[in-house]
Amino acid sequence: MTIIIDSINESFVEYKDTLEQDTIRYLEGLISESESESEMKEQIIQSLLNDFEIITDSNEANRVVDQLVSILRKKGALQFQSSSPSKSKSHLVCEISNRELSPSDPNLSMDQYIELTRHSNPSIRIQTLRTMCPCKVKADIDQLWTRIMEMSTDPDPKVRYQVIHDLCDGSPNWREGQVISTLESMHNDSDPKVRRTIHNVLTNYRYTGKWNIL
């Protein structure tokens, strides 16, 4: 068990009955791929409140995350790449997935990167999707958008929820037709949370013309 997983279990001891192993691996990925402490805390809090609904109170979520950060510091596990000029991070590198797949080259090719979205473990697919979000990838790359939209039919509802986030958090205006078509295809999704989010986004789009609201 890694130091990060140990720290997560210590911090969430009060929620151990609702904290699934996939969620723990997902949080480990967020911690590993974050470039700063503030980014890490923001993403974990968002995941707790919105993605997994483990904690419903924002103050409680902040308390637990602050506790997690404190434990990680004590264990010497907080080492953000942004603090080391000799190691630059590409937005096309999903580090936790690299360790899982153990590729010979730490700088993934586009094919290797896309292949991570087909990993058998849904938490790895979610982690990779997070790195594909336009809020992180400051470029309009056809291969990424094509794969994000393909993943709208992923068998795991948490993956499909992340697809919605990627499509509705900065997708370019000229892709409006593709994005709305993909969202509409998910309108009758089997998962209630995915279905509810799609309904909210499409309702907002019909009234305001805006879909980048997540």
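The values are calculated or read from the model by the stated rules, or taken from the named source; none is laboratory data. These figures come from a predicted structure and were not determined experimentally. Here Cβ is always computed from backbone atoms with ideal geometry, including for glycine, and neighbour counts include all displayed protein chains.
Tabulated values for the structure
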| quantity | calculated |
| --- | --- |
| Selection count, the range 185-210, where residues are within 15 Å of K158 (Cα to Cα) and touching a residue at least 12 places away in the same chain (Cβ under 8 Å) | 8 |
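Quick grid of which residues meet (1) part of a loop (DSSP other than H, G, I, E, B); (2) in the same structural domain as D169 (by the TED database); (3) at pLDDT 85 or above:
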| site | (1), (2), (3) |
| --- | --- |
| I5 | no, no, yes |
| I8 | no, no, yes |
| D17 | yes, no, no |
| Y26 | no, no, no |
| S32 | no, no, no |
| Q46 | no, no, no |
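Here is a yes/no grid of residues against (1) at pLDDT 95 or above; (2) charged (D, E, K, R):
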| position | (1), (2) |
| --- | --- |
| G170 | no, no |
| W174 | no, no |
| S185 | yes, no |
| K193 | no, yes |
| N212 | no, no |
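Residue by residue, here is whether (1) part of a helix (DSSP H, G or I); (2) at pLDDT below 80 holds:
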{"position": "E100", "(1), (2)": "yes, yes"}
{"position": "D105", "(1), (2)": "no, yes"}
{"position": "I114", "(1), (2)": "yes, no"}
{"position": "Q127", "(1), (2)": "yes, no"}
{"position": "K136", "(1), (2)": "no, yes"}
{"position": "R147", "(1), (2)": "yes, no"}
{"position": "M151", "(1), (2)": "yes, no"}
{"position": "K158", "(1), (2)": "yes, no"}
{"position": "I164", "(1), (2)": "yes, no"}
